[in-house]
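Q: Structure provided below as structure tokens; questions to follow.
Nothing in this text is a laboratory measurement; each read-out follows from the coordinates by a stated rule. As the structure is a prediction and not an experimental result, all values here were calculated from the model. Positions of Cβ are backbone-derived with ideal geometry, glycine not excepted, and every protein chain shown enters the neighbour counts.
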Amino acid sequence: MNKIKLSVSLILVFIATLLLLFINKITSPRILSSEELLMNGFYKLSAPKDFSDFSISSSEGQILDKTFFADKWTLVYFGYTRCPSECPVTLSASKQLYSLLRNRGYDLDNHQLLLISIDPERDTSESVNKYAQAFDANFFGARASRPALLSLASQLDVMVTEPKNNHNNHSHDGHLENHMNNLILINPESKYAGFFRPAFEPERMSIVYQSVTSQDSR
């Protein structure tokens, strides 16, 4: 009788072990190759790229610098509050991305998004932050001076042009209409890791995002 109980116990332990291994396999993020990442809209740099410190302002007088990225995975997007289409689409996709990850139980405590205005002549720190948080309460918005904006954007491979002639002439928006629409990924070491390219598909983005952030966090 004792032998039968022992055999049954061993079988149950074996089944439980297989079940745990199966659950771990289906819940663990799949690690994608660089080619697979590229096919799914993400370009990963061969080595994370450092960039210089900066100083930009958010709401309530908060000053953000490079330490804002420390120990967090950050998506950075360059847009503006009056953007007619690209910015709302990109930020909506980012909101859906985080919602998918939350629903899957992915820990987002050290993940964030920062919107930086490419129209500092008209956007205020408060308006950019309010605009970002309208999509997700955990998003941040900030405004940089034009020189600081150009310096940071160029280091992150984002093309931002200056307005022509009088900066206060609201009719000249050509420098805003063709802004680059990439979502930049900064790693917890405050280095530029890669970028998502449009069109943004939240489901595919979530698979890529889990792959990159899980692999590089090991």
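Q: Which pairs in the list Lys95/Lys130; Lys44/Lys66; Lys72/Lys130; Lys49/Lys72 are over 18 Å apart, alpha-carbon to alpha-carbon?
A: Checking Cα-Cα distances, Lys44/Lys66; Lys72/Lys130 exceed 18 Å.
Q: Counting other beta carbons within 10 Å of each Cβ, put Thr90, Thr67 in order, fewest first.
A: If I rank by nearby Cβ atoms, fewest first, I get Thr67, Thr90.
Q: Using each residue's phi in segment 188-197, evaluate 6.51 cos²θ - 1.76 cosθ + 1.60 at θ = phi - 60° and report the 3J(HN,Hα) Karplus result to the nearest Hz, with x for Gly and Pro.
A: Once θ is set to phi - 60°, the couplings for segment 188-197 become x, 8, 6, 10, 6, 9, x, 8, 8, 10 Hz.
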